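The values are calculated or read from the model by the stated rules, or taken from the named source; none is laboratory data. Everything quoted here is computed from the prediction, not taken from an experiment. Because the Cβ atoms are built from the backbone with ideal geometry, glycine has one as well, and the counts that use them run over all protein chains shown.
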Amino acid sequence: MHRRILAGDRLIAAFLAGCALFNYPLLSLFDRPDEVFGIPLVYAYIFAAWAVVIGLMAWAVERRFK
Amino acid sequence: MLEAPVIIATSLLYLGTLFAVAWWGDKRADQGRSIIANPTIYALSMAVYCTTWTFYGSVGRAAVSGIGFLPVYLGPTLVMALGWIVLLKMIRIVKANRITSIADFISSRYGKSHGLGGLVTIIAVIGIIPYIALQLKAVSSTVSLLLSYPEIVMPHRSATMSVGADISFYIALILAAFTIVFGTRHLDATERHEGMVAAIALESGVKLVAFLAVGIFVTYGIYDGFGDIFDHAAADPDLQRLMTAIPSGKGYTSWFSLVVLSGLAVLFLPRQFQVAVVENVNEAHLKRAAWLFPLYLLLINIFVLPIALGGLLHFSGQGVDADTFVLTLPMSQRQEGLVLLVFIGGLSAATGMVIVETIALSTMVCNDLVMPLLLRHNRSAIEDAKDLSGLLLGIRRGAIVVILLLGYLYFRLAGEAYALVAIGLISFSAVAQFAPALIGGMYWRGGTRGGALAGLSAGFVVWGYTLLLPSFAKSGWLPGDFLAQGFFGIELLRPQQLFGLTGMDEISHCLFWSFLANIGAYVGVSLLRPPMVAEATQATLFVDALSETGQGGAVLWRGRAQVSDLQELVGRFLGPARAQSAFAAFARRRGSQGGGDEVTPEADAKLVQFAESLLAGAIGSASARVMVASVAKEEPLSIEEVMHILDEASQLRTYSRELERKSRELTAATLELQAANERLQELDRVKDDIMSSVTHELRTPLTSIRAFSELLRDDPKMHLADRERFLGLIVSETERLTRLINQTLDLAKIESGRADWNGCELDLKEVIEQSIAAISQLVREKEAHVEVDLPDNLPLILADRDRLIQVMLNLLSNAVKFLKPGSGRIRVTLSLHADGLQVSVVDNGPGIRPADQQLIFEKFRQVGDTMTAKPSGTGLGLPISRRIVEHFGGRLWVESVEGEGATFSFSLPFAHAQQQAVA
């Protein structure tokens, strides 16, 4: 039961993190004409943040509790 | 290679494969061996979200607005994080109430209302038909592009083209036929289509592979990696704009609106509701899908911007539509295989969307639009008909054809117009109108039917006015001054600056006003009056779906109905045979629960609810309610009664769970107690056995001692020789008594595990020689002969020296004891075996009968004729020896042929093997 509540809370945390990462104003910080490894900064940022949120969700639901 | 016959053959072959997969999936489902009971398949089926609007359209959007194509996929990612909470609740509600569509869901929540179901269906159909048109357009454009290969000619549809010559008309027909075969092969009371889901999952795989293939080809084949494309694009000021900034001005508001809108769409688009909720096999699959589906979205978007930039660079100034880059880039490089793969990928995206969407819409049209109308206007025909399952299937098939033809019609009319390009988001905004009534209904008890009707209507009207009508105006179907000057020339009513609101893009603008109207009307009207009984009942079942109350079991019906009437009613819609088997199964289930197995003509409330839920699966919950009411005399329940029943049911559930837990604990305790008791009895029995044997064995020597002593006392004149003989007997009997007591104590110690063992590594040969020396006196007395065969340098064994000598002495003295004086021979051998040493003591005595060969190892058992030969042993030597050998990991046994002597052997493992065993 506790596992389930914890996993649920983690998913909600991932949701909130995503809401913050994917929107103004955090998004605007990266909206600059810069590049990382030849890739436009904002493009790289969104995909990185996206991957992090997916990773968080996977961690929340797949992790075995010990 | 890319001629028309090849394209047509490939398409048909692909569709045939899909059909084979679907057929196989259905067959496995019938056998109860589902192939879609798998979280990965579930996540892939959710990816039906990605239509041609994604497959071709994302690149088109990226070519105009840079990363503006992304929020449509970020929204679903966020919603899936909440999927474990929201979708789980939806799935529970759908399963408990046998809901088959989103219209049914909303209708059922607000008291099984026909009006609401119908309204939701109309909104969905109006919102989705243009979206279907978009899929037809995509398929027909790609086909005509391919037909002009190797030239790249933008498809230009002439308005005068006859329907008969229009390839997309045939595409629509093929898709309709395909959908009918997929979705309405038979009427299922739960509206689940396992085969279809399997095919959709396969299509999702194909479109992802195709898109990644073309992305890799463009990025690494035409260009030299991501960096190369971005470098080229950076040199062009027009393109640089796409990579560096979110389109300025309204950028962030629009971005946020799209995130919200797509998040709602991924829940409420009829096709998403169908695959994610209705077709869900196991709610545990939600967990993996929660991150796999977003991962899918991420993967299919990685190459969008590179393809868009690559296409813009490659086709600079050639007038190639960015929506076609996915196909035209490989075409321009003469990659025929890749072109065909992309085409199939696009076909997957289109067919997947069309199939699921039309199945979902046709269910809604049948259950929430046509059935209510039939019930209202043609009630007698429905009630007289014997079997309506054919009619239901007919309605659904008809609805599929009509929906696809409407889609085709829209496509014909709209052509290349604006209305088609923007339609994805317009559709999203339409289905987003379901959100307040649906989410509100799941979490707020106070929402009423009136509130939901008002909210949906208001939201729908505002959506139509601010988004749909302007899209018509931009397409030239309405006078353009409607946009600029507003309705009737009233400036405040300008549809895209409603009441003078400016500074927003059209989607955010529509979303704001429609949600304001929708939520405002929903909440406002709901608060006007308290919910009626039916609304409050359903509200409780929905809101408490995850708690005790909502999990069924409560009987919310009172009245009288006949079993035969109900069965006949269900039979009319599902077919008599299926109705009969369903009723029989229900009766068996209840019988096995001890819920009364006698067949009565009068149906109880549980059976009525069962029949209603069966019907709800086939014709929708509102119509099912009406039909059941038509064959039953019902007494209305008051709201207090309903709440009381629900409370009771939930308490009952809690009690019964508690009871179950207690009874489980009780059972476990009883078992433990039983085991302990058995052990106790066993110990008691052993103790009794030993006591009786010991007392019996002690009595024998005691009796003889006493008898001889009395003889000596009573006859003082006894001869000295007799006297000495008697005294000798007394002494020997006393010795036997002592031995007996010692051995009994010894055995008791060994058996209870309290014996002292002094294990050390020792040479068995030495032990044997020592034992033989110790017994030599006895051997000499019997004039027997002892032979030994003891090899040198054998491995050591681990044992207690004194105990082993005890064993050897026991075996040797037994052997000597039974030898005939003068001719006895004893042979002692020591031999090496694979895992230990074996010692054998062979004699040529009388031997042991086969029947006695086990008995001699039991306590106090001495074989031989006790009438003639007085026992001289204690009957404990062999049992003790056996226990000693077993203690050191060996075994002791006897082989004997009666009359030819006996061989007692024991084996002991090597020291190292034994240490391993101990460790």
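Looking at (1) surrounded by fewer than 24 Cβ atoms within 10 Å (Cβ to Cβ); (2) under 25 Å from B:Phe325 (Cβ atoms); (3) among the hydrophobic types (A, V, I, L, M, F, W, C), can you tell me which one B:Ala308 breaks?
Condition not satisfied by B:Ala308: (1).
For the range B:742-791, enumerate the residues that are free of Cβ contacts under 8 Å to residues at least 24 places away in the same chain and within 29 Å of B:Gly824 (Cβ to Cβ).
B:Asn742, B:Glu766, B:Glu769, B:Ala773, B:Ser776, B:Gln777, B:Arg780, B:Glu781
May I ask you to list the residues in the range B:272-288 that are assigned to a helix (DSSP H, G or I) and either of a type outside the set (Lys, Arg) or touching a Ser or Thr at 6+ places or on another chain (Cβ under 9 Å) (or both)?
Passing the criteria: B:Gln272, B:Phe273, B:Gln274, B:Val275, B:Ala276, B:Val277, B:Val278, B:His285, B:Leu286, B:Arg288.
In the range A:38-58, which residue that is farther than 19 Å from B:Gly251 by Cβ and facing chain B (nearest Cβ under 7 Å) is modelled with the lowest pLDDT?
Selected residue: A:Gly38.
Checking A:Ala17 against (1) modelled with pLDDT of 85 or more; (2) closer than 30 Å to B:Asp231 by Cβ, which single condition isn't satisfied?
(2)
Could you tell me whether any residue of the range B:303-311 is touching a residue at least 12 places away in the same chain (Cβ under 8 Å), within 30 Å of B:Asn38 (Cα to Cα) and not hydroxyl-bearing (Ser, Thr, Tyr)?
The answer is yes, given that some residue of the range B:303-311 is touching a residue at least 12 places away in the same chain (Cβ under 8 Å), within 30 Å of B:Asn38 (Cα to Cα) and not hydroxyl-bearing (Ser, Thr, Tyr).
Do you know which residues across the range B:720-737 are out of contact with any Phe, Trp or Tyr (no Cβ under 6 Å at 6 or more places or on another chain) and either hydrophobic (A, V, I, L, M, F, W, C) or under 16 Å from B:Ser693 (Cα atoms) (or both)?
B:Leu720, B:Ala721, B:Leu727, B:Val731, B:Arg736, B:Leu737
Just checking, does the range B:709-721 include any residue being buried (at least 17 other Cβ atoms within 10 Å of the Cβ) and in a helix (DSSP H, G or I)?
At the first step, the residues of the range B:709-721 found to be buried (at least 17 other Cβ atoms within 10 Å of the Cβ) are none.
No, every residue in the range B:709-721 fails to be buried (at least 17 other Cβ atoms within 10 Å of the Cβ) and in a helix (DSSP H, G or I).
Of (1) at pLDDT 80 or above; (2) away from chain A (no Cβ under 14 Å), B:Arg185 satisfies all except one. Which?
Only one criterion is unmet by B:Arg185, namely (1).
For the range A:11-35, which positions are assigned to a helix (DSSP H, G or I) and more than 8 Å from chain B (Cβ to nearest Cβ)?
The answer is A:Ala13, A:Leu16, A:Ala17, A:Ala20, A:Leu21, A:Leu26, A:Leu29.
Across the range B:648-678, what is the total count of residues that are over 23 Å from B:Thr540 (Cα atoms) and small (Gly, Ala, Ser)?
Within the range B:648-678, residues that are over 23 Å from B:Thr540 (Cα atoms) and small (Gly, Ala, Ser) number 5.
Hey, among B:Ala707, B:Ala668, B:Ala675, B:Ala618, which residue is at pLDDT below 85, at negative phi and not assigned by TED's automatic domain parsing to the domain that holds B:Ser380?
Of the residues listed, the single one that is at pLDDT below 85, at negative phi and not assigned by TED's automatic domain parsing to the domain that holds B:Ser380 is B:Ala618.
Quick one: how many residues across the range B:298-324 are facing chain A (nearest Cβ under 10 Å) and farther than 17 Å from B:Tyr220 by Cβ?
2
All but one of (1) closer than 30 Å to B:Ser752 by Cα; (2) touching a residue at least 24 places away in the same chain (Cβ under 8 Å) hold for B:Ile705; which doesn't?
All conditions pass for B:Ile705, except number (1).
With the structure loaded, tell me whether B:Ser34 is more than 29 Å from B:Leu312 (Cβ to Cβ), touching a helix residue (DSSP H, G or I) at 6+ places or on another chain (Cβ under 8 Å) and hydroxyl-bearing (Ser, Thr, Tyr) or whether it fails that test.
Values: more than 29 Å from B:Leu312 (Cβ to Cβ): yes; touching a helix residue (DSSP H, G or I) at 6+ places or on another chain (Cβ under 8 Å): yes; hydroxyl-bearing (Ser, Thr, Tyr): yes.
Yes: the conditions hold for B:Ser34.
Tell me the residue from B:Ala290, B:Ala284 that is surrounded by fewer than 21 Cβ atoms within 10 Å (Cβ to Cβ) and out of contact with any Lys or Arg (no Cβ under 9 Å at 6 or more places or on another chain), please.
Just a single option satisfies the conditions, and that option is B:Ala284.
Would you pick out the residues in the range B:419-477 that are surrounded by 21 or more Cβ atoms within 10 Å (Cβ to Cβ), polar (S, T, N, Q) and over 35 Å from the mean Cα position of the chain (by Cα)?
B:Thr448, B:Thr466, B:Ser471
Being at the interface with another protein chain (Cβ under 9 Å from one of its Cβ atoms), in contact with a Leu (Cβ under 7 Å, 6 or more places away or on another chain), at pLDDT 85 or above and buried (at least 22 other Cβ atoms within 10 Å of the Cβ) narrows it down to one of B:Val214, B:Val218, B:Val259, so name that one.
That would be B:Val259, the only listed residue that is at the interface with another protein chain (Cβ under 9 Å from one of its Cβ atoms), in contact with a Leu (Cβ under 7 Å, 6 or more places away or on another chain), at pLDDT 85 or above and buried (at least 22 other Cβ atoms within 10 Å of the Cβ).
Taking B:Pro330, is it under 30 Å from B:Asp236 (Cβ atoms), more than 14 Å from chain A (Cβ to nearest Cβ) and surrounded by 21 or more Cβ atoms within 10 Å (Cβ to Cβ)?
yes
Would you point out which residue out of B:Ile99, B:Ile106 is away from every other protein chain (no Cβ under 14 Å) and modelled with pLDDT of 90 or more?
Among B:Ile99, B:Ile106, only B:Ile106 is away from every other protein chain (no Cβ under 14 Å) and modelled with pLDDT of 90 or more.
Does B:Leu292 satisfy the condition of being within 14 Å of another protein chain (Cβ to nearest Cβ) and either more than 21 Å from A:Tyr43 (Cα to Cα) or not in a helix (DSSP H, G or I) (or both)? It would help to see each step written out before you state the result.
Numbers: within 14 Å of another protein chain (Cβ to nearest Cβ): yes; either more than 21 Å from A:Tyr43 (Cα to Cα) or not in a helix (DSSP H, G or I) (or both): yes.
Spelling it out, B:Leu292 is indeed within 14 Å of another protein chain (Cβ to nearest Cβ) and either more than 21 Å from A:Tyr43 (Cα to Cα) or not in a helix (DSSP H, G or I) (or both).
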